[in-house]
Amino acid sequence: MNPVPLVRSLAVALLASSLAGQKILLADAGGREAAFVDASALLPRPVPGQEPDAEPMRRALGDLAAFVREFCEPELGPLHDVQPMGERFLAVLAEPRQIAFVERLVATARGEPKTAVLVDSRFYELSKDLFAQHVEPLLPKAEDSKVPVLADVPVLGFLFQQGKDRNSAARVAVVDAEKAAALHAALARAEGVNSMVAPKLLALPMQAASISTGEEVSYRKDYECKVEAGAFVWEEVRDTVFDGVRLDATCGLLDGQRIALRFHLAVQDVMRPIPEFATTLKAKAPGEKEVEKRVTIELPHCVGIETRQSLVLKDGASALVVGDRGDGTFCVTTVSATRQK
């Protein structure tokens, strides 16, 4: 059974009857209820003086629903769902205790507007020996911790270089603030470690945040042919590709001083100089002969790594994500989440 149509039909009924915030007990053995949760306080606000744009709010509401589905406690089953409804509500089809969790999660975010989460991420490339010395002792056994969070990502027809195995899995661990600080200090002293500290990101509860540092690199992507005054005119078509670091994160405040964290860290380098390729373009105007033009275009080659993960951390703890690049080196990413007042 797909619960989504049922959620939507119930949601429409609730909206039509102005019953937002109330619950409907479903006539089934599962004890499910359908409820609306008002999430408008967590959505982007219109810019004063500008025409309201509903698309950012719909997109933010959809992301919020996905976040709640991912971290709901107890975990949602196959007959449960959370979907965006309208421009302000989360329609929840679940058991009462799951609905209570969603309501509490949203209410906590709404009730603590001055509480933010500081997300701090760092990235290291290190040798097998350094990995074995400093990182391996912090990880659970490989067979117990493989999670497919690192993957090759297409960029302008090219791929991030992540090693020989495109389907390589990451090993994930959670370490406390003391162990994370000791690891950072040890890797800072070690020789032969390629390290990078991403910009710190301050995220409000249940609101997506992102930060990036780098530059947009311009390149000659193509040529466009026009006919002006009976003659062919070839004009450059330029585009840009990002070179730098980007961090995206969404956090939720849970009970017991826990933080639900979903993050995406991407490190991308554009190889310089950008490779050039010569090619021949052809154009033909009505009633005219076909003409050829020898041109040179640029095709950027991007290398980097991308890490995605969702997990629950104790306040101040760090996620440790490790990927084997298959060439004798390891990629190590640490991401911490700490409440800030």
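The values are calculated or read from the model by the stated rules, or taken from the named source; none is laboratory data. Small disclaimer: the values here were computed from a predicted structure and weren't measured. All Cβ positions, glycine included, derive from the backbone under ideal geometry; neighbour counts span all protein chains shown. Ligands, DNA and RNA are stripped out before the accessible areas are found, and what is left, the full protein with its side chains, is counted by its heavy atoms. Shrake-Rupley method; radii C 1.70, N 1.55, O 1.52, S 1.80 Å.
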Once the Cα atoms of region 216-341 are picked out, what are the Rg and Dmax in Å?
24.2, 77
With θ set to phi - 60° and the Karplus curve 6.51 cos²θ - 1.76 cosθ + 1.60, what are the ³J(HN,Hα) couplings of region 317-327 in order, to the nearest whole Hz, using x for Gly and Pro?
7, 10, 8, 10, 10, 10, x, 8, 7, x, 10
Which is farthest toward the positive dipole end of region 207-276 among Leu247, Val237, Cys225, measuring Cα position about the Cα centre, with Cβ charges +1 (Lys, Arg) and -1 (Asp, Glu)?
Leu247
Aspartates and glutamates near Lys293 by alpha-carbon distance under 15 Å, same-chain residues fewer than 8 away left out - which ones?
Asp222, Glu224, Glu235, Glu236
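If we sort 128-141, 90-103 on the protection proxy, mean other Cβ atoms within 10 Å, highest first, what's the order?
Details: 128-141: 14.7, 90-103: 21.1.
By packing density, highest mean first, the sequence is 90-103, 128-141.
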Only Lys, Arg (+1) and Asp, Glu (-1) charged, at Cβ; region 230-294 dipole about Cα centre in debye:
100
Could you tell me what percent of the accessible area of region 175-264 is made up of carbon and sulfur, with a 1.4 Å probe and every protein chain present?
48
